[in-house]
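Step one of this worksheet: look at the structure below.
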Amino acid sequence: MNFICSKCGKLTPTHTPQASCSCGGLFSLPNEFPKFEEKLIDKNEWSLFRYRAFMNIEGESWRDVTMGEGRTPIISFGKDVMVKMDYMMPTLSFKDRGAAALVAHMKEIGVKKCVQDSSGNAGVAVAAYCARVGIECEIYVPEGTSPKKISMIEAFGAKAVVVPGTRDHCADVCREKVVTEGAYYANHVFNPFFYEGTKTYIYETYEQLKRVPENIFIELGNGTLFIGAVLALEHLLASGVISHFPQVIAIQASGCAPFFETVEKQLDHLAEITPVPTLAEGIAIGKPARA
């Protein structure tokens, strides 16, 4: 299997330690899967890997990685509103979806050590799944990250490195380490295997409800859940499972809302903003890499 550069189209084998294409473009993965049919769901597997027929999953390493993530309930919350309870995961966030798929890939290609930058949840998830299969892990977090998230990262045996400044600066510091030391970049934005996991949010919703809701609200920081959801919805539409694309509504924090500002100002490029502190630290991303 090959990565595909989203900028120049060059193919790079997925076992590469490179974080991105030599031209600077970010990698994507092939989007060629069988038509979505329930008979292709492995209903004997009680994790998100039950949908592996529709995921870019190589080998059998996922069997050692999985901790039963996914299969989270959907509950009614008032009239015409439902909530998918993705905090009911091994590390308490939807990031477990992507981390499980990414770490399965890392184990398959023999990664021994990785680094990642995170506002907390993705770092916790990657740390936990790396611990599951014995991959050494170092997580860079921005100052102001919840002490409990840092404690969780360290509880899984990973090293937490607190970087002064913004979340975006934290990412720059981590990526510099990737360049200078050649560490494997287990990043939930750069590495497209993460989206193979977040796609299952939609597959799961469809299997549970036998339909896709007309309006889907998704928080948007770097866009890991948003992108995965869109990829899965495109697959369901192409498969004829849904007749039209639902309205996907992106939610941003008022203190850090570059996409909102872009739409409001009708710009043809991502708005430049200065993030301010927000309780929604997990989506406080001023310069998302896949904007």
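How do ASP86, ASP96, ASP172 line up, fewest other C-beta atoms within 10 Å first?
With the fewest neighbours first, ASP86, ASP96, ASP172 line up as ASP172, ASP86, ASP96.
What aspartates and glutamates could a cross-link reach from LYS210, if we take a straight Cα to Cα line under 13 Å and drop same-chain neighbours fewer than 8 places away?
GLU37, GLU38
Once the piece of chain linking GLU272 and GLU58 is laid out straight, how much longer is it, given 0.36 nm per residue of separation minus the C-alpha distance between them?
Taking GLU272 through GLU58 to full extension adds about 73.2 nm, to one decimal.
Please identify the helices of the chain, taking whole runs of DSSP H, that span at least 15 Å along their own axis as judged from the Cα atoms and have a mean Kyte-Doolittle score of 1.6 or higher. Show your work: numbers first, answer last.
Details: long enough: 95-108 (20 Å, -0.41); 121-133 (19 Å, 1.11); 167-181 (21 Å, -0.76); 224-238 (21 Å, 1.87).
In the chain, the long hydrophobic H runs are 224-238.
Given the rule -39500 (n - 2.57) for each run of at least 4 DSSP H residues, summed and divided by the residues of the chain, what is its mean residue ellipticity at 222 nm, to the nearest 500 deg cm²/dmol?
Here the helix-only value at 222 nm equals -9500 deg cm²/dmol.
In whole Å, what is the distance between the alpha-carbon centres of region 97-166 and region 1-76?
19 Å
Once Lys and Arg get +1 and Asp and Glu get -1 on their Cβ, which of VAL276, GLN208, SER151 lies farthest toward the positive end of the dipole of the chain?
About the Cα centre, the residue reaching furthest to the positive side is GLN208.
Between ILE109, ILE75, ILE242, which gets the highest mean-square fluctuation from a Gaussian network model of the chain, Cα cutoff 10 Å?
Taking springs between Cα atoms under 10 Å, the residue moving most is ILE75.
Using the count of nearby Cβ atoms within 10 Å as a rough guide to exposure, how do MET85, MET67, MET55 rank from fewest to most? List each step's numbers first, then the result.
Numbers: MET85 10, MET67 15, MET55 22.
In order of increasing Cβ crowding within 10 Å: MET85, MET67, MET55.
Only counting other Cβ atoms within 10 Å, I'd like LEU220, LEU225, LEU209 sorted with the fewest neighbours first.
Ordered by Cβ neighbours within 10 Å, fewest first: LEU209, LEU220, LEU225.
What residues of region 204-229 lie in the reach of a label at ILE74, counting those whose backbone N is under 20 Å from a point 7 Å from the Cα along Cα→Cβ?
Answer for this model: 204-220, 225-229.
Once fully extended, how much extra length lies between GLU143 and GLU207, figured as 0.36 nm per residue of separation less the alpha-carbon to alpha-carbon distance?
19.1 nm
Extension gain LEU92-ILE251, at 0.36 nm per residue separation less the Cα-Cα distance, in nm?
Contour length minus the Cα-Cα distance gives 55.2 nm.
Only the coordinates and a few stated rules stand behind these numbers; no lab work does. Given the structure is predicted, the values throughout are model-derived calculations rather than measurements. All Cβ positions, glycine included, derive from the backbone under ideal geometry; neighbour counts span all protein chains shown.
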